[in-house]
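**Student:** Take this structure, written in structure tokens, and hold onto it; I'll ask about it next.
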Amino acid sequence: MRWLAVAACLLAASCGHYERFALPSPGAPEQGGYAWSARETPVLGRGLGGKTDAVDALNPSVVPSPDGLVNLYSGFDGKRWRTLLARSGDGLHWQGGQLVIEPDGRTWEGAAIAANGAALARGGQIHYWYQAGDPPRIGLARGGDEAKWVKHPAPVLDYGPRGAWDERALGDPYVIGQAGWLYMYYLGEDRARRQRLGVARSRDGVLWTRHRGNPVLELGEDGAFDESGLGEPAVWRDRGWWWMLYTGRQRNEVRRMGLARSRDGLKWERTPLVIAGGQSWNAKVVCDATVIVEPDRVRVWFGGGDVAHPAENINGQIGYGELRWKPAAR
């Protein structure tokens, strides 16, 4: 009977690739919620990198560096998505727009995209997990402010097995480090084109194990801001909770960001906060959050646009906002 078990395991593509786990305890939960405020104008507009981001500048991923902050963001020129690097001392005024990662049509990546990723400073380098391929999968590149970026030769997270929630496409990685583990939240698409969110974990950033209970966040109810798709999660720990900012799509492709919270990183409950664009430049799309947690605030960089579209040609620019904690009234 052993060969039957092995065969079943191979068919499910799950041996050694799926398990049950939870994120570490976030501590004693505080009661209250976040209040949102945002700058009225973008902090990084189109064209910082020239023609590379002439159509859209989106998907910021901001990490601290010895000289301030580094932002690996996505630039679209009308044909290709590539990853650019900008620098800032305060997170509000950015310089550079240096091209660091572009798609390699000779490999699994294809020629259309190598962007929409998540950066994490680790071991003296920046590790950047990004989306590439058609349909997309998730790759990894390592580099630094000026160093040449080296790509892992194959996807580090591939399609799920037949019938899985992430069978057809993967994207929007967001990676955090906790207690010796890396946790990746990401978008998965199934054969019905439903886009939902799941989680995987890894010791080295290359070999990932998916959670057996994925997806961890389902679509919203009919009529909700996230009724048609979820994506672009940003996850952090604060005030005794795990928090997630994520992008929700309506049927008309207007996008907003929602906030959910969890005690274990697996079971998420939506909060009442929904972030919509309050200015003309982000009237139709608010998306792509990346966060840095400070004692008195959560700093948030996000994408925005004035055209309702699920992916591109939205006149995308990058904005800045903050979440500040408001304790529950006694």
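The values are calculated or read from the model by the stated rules, or taken from the named source; none is laboratory data. No experiment lies behind these values; they were computed from the predicted model shown. Cβ sites come from the backbone with ideal geometry, for glycine too, and all protein chains shown count toward neighbours.
**Student:** With respect to the numbered conditions (1) in a loop (DSSP other than H, G, I, E, B); (2) in contact with a Leu (Cβ under 9 Å, 6 or more places away or on another chain); (3) crowded, with 19+ Cβ neighbours inside 10 Å, which one is the sole condition not fulfilled by residue 26?
**Tutor:** With (1) in a loop (DSSP other than H, G, I, E, B); (2) in contact with a Leu (Cβ under 9 Å, 6 or more places away or on another chain); (3) crowded, with 19+ Cβ neighbours inside 10 Å applied to residue 26, the lone miss is (2).
**Student:** Residues of segment 155-213 being of a type in the set (Phe, Trp, Tyr) and either within 23 Å of residue 260 (Cα to Cα) or under 12 Å from the mean Cα position of the chain (by Cα) (or both), which ones?
**Tutor:** 165, 174, 181, 183, 185, 186
**Student:** Okay, moving on. Quick one: would you say residue 58 is surrounded by 22 or more Cβ atoms within 10 Å (Cβ to Cβ), touching a residue at least 12 places away in the same chain (Cβ under 8 Å) and touching a Cys at 6+ places or on another chain (Cβ under 8 Å)?
**Tutor:** Yes; evaluated as a whole, the condition is true for this residue.
**Student:** Working only within segment 34-81, note down all residues that are touching a helix residue (DSSP H, G or I) at 6+ places or on another chain (Cβ under 7 Å) and of a type in the set (A, V, I, L, M, F, W, C).
**Tutor:** Once the filter is applied, which keeps residues that are touching a helix residue (DSSP H, G or I) at 6+ places or on another chain (Cβ under 7 Å) and of a type in the set (A, V, I, L, M, F, W, C), segment 34-81 yields only 76.
**Student:** Regarding residue 177, is this residue touching a strand residue (DSSP E or B) at 6+ places or on another chain (Cβ under 8 Å) and within 16 Å of residue 102 (Cβ to Cβ)?
**Tutor:** Judged against the criteria, residue 177 is not a match.
**Student:** Scan 175, 216, 235, 199 and give me the residue that is among the aliphatic types (A, V, I, L, M), touching a His at 6+ places or on another chain (Cβ under 7 Å) and either surrounded by fewer than 17 Cβ atoms within 10 Å (Cβ to Cβ) or in contact (Cβ under 8 Å) with a residue 24 or more places away in the chain (or both).
**Tutor:** Selected residue: 199, the only one of 175, 216, 235, 199 that is among the aliphatic types (A, V, I, L, M), touching a His at 6+ places or on another chain (Cβ under 7 Å) and either surrounded by fewer than 17 Cβ atoms within 10 Å (Cβ to Cβ) or in contact (Cβ under 8 Å) with a residue 24 or more places away in the chain (or both).
**Student:** Additional query: Do you know which residues across segment 250-261 are out of contact with any Cys (no Cβ under 9 Å at 6 or more places or on another chain) and in contact (Cβ under 8 Å) with a residue 24 or more places away in the chain?
**Tutor:** If the condition is that a residue be out of contact with any Cys (no Cβ under 9 Å at 6 or more places or on another chain) and in contact (Cβ under 8 Å) with a residue 24 or more places away in the chain, then 250, 251, 252, 253, 254, 258, 259, 260 are the ones that fit.
**Student:** If you go through segment 67-93, how many residues are crowded, with 18+ Cβ neighbours inside 10 Å and not small (Gly, Ala, Ser)?
**Tutor:** Selection size over segment 67-93: 11.
**Student:** With respect to residue 292, is the statement that it is buried (at least 24 other Cβ atoms within 10 Å of the Cβ) and either on the phi < 0 side of the Ramachandran plot or modelled with pLDDT under 95 (or both) true?
**Tutor:** Here the answer is no, as residue 292 does not meet what is asked.
**Student:** Residues of segment 146-204 being among the aliphatic types (A, V, I, L, M) and in a loop (DSSP other than H, G, I, E, B), which ones?
**Tutor:** Across segment 146-204, the qualifying residues are 147, 154, 156, 164, 179, 192.
**Student:** I'm trying to understand the selection: among the residues of segment 219-232, which are of a type in the set (A, V, I, L, M, F, W, C), buried (at least 18 other Cβ atoms within 10 Å of the Cβ) and out of contact with any Ser or Thr (no Cβ under 9 Å at 6 or more places or on another chain)?
**Tutor:** 225
**Student:** Hey, does segment 151-162 have a residue that's within 20 Å of residue 60 (Cα to Cα) and either surrounded by 15 or more Cβ atoms within 10 Å (Cβ to Cβ) or not acidic (Asp, Glu) (or both)?
**Tutor:** Yes, that holds for at least one residue.
**Student:** Using the structure shown, decide if residue 34 is hydroxyl-bearing (Ser, Thr, Tyr) and under 19 Å from the mean Cα position of the chain (by Cα).
**Tutor:** No; evaluated as a whole, the condition is false for this residue.
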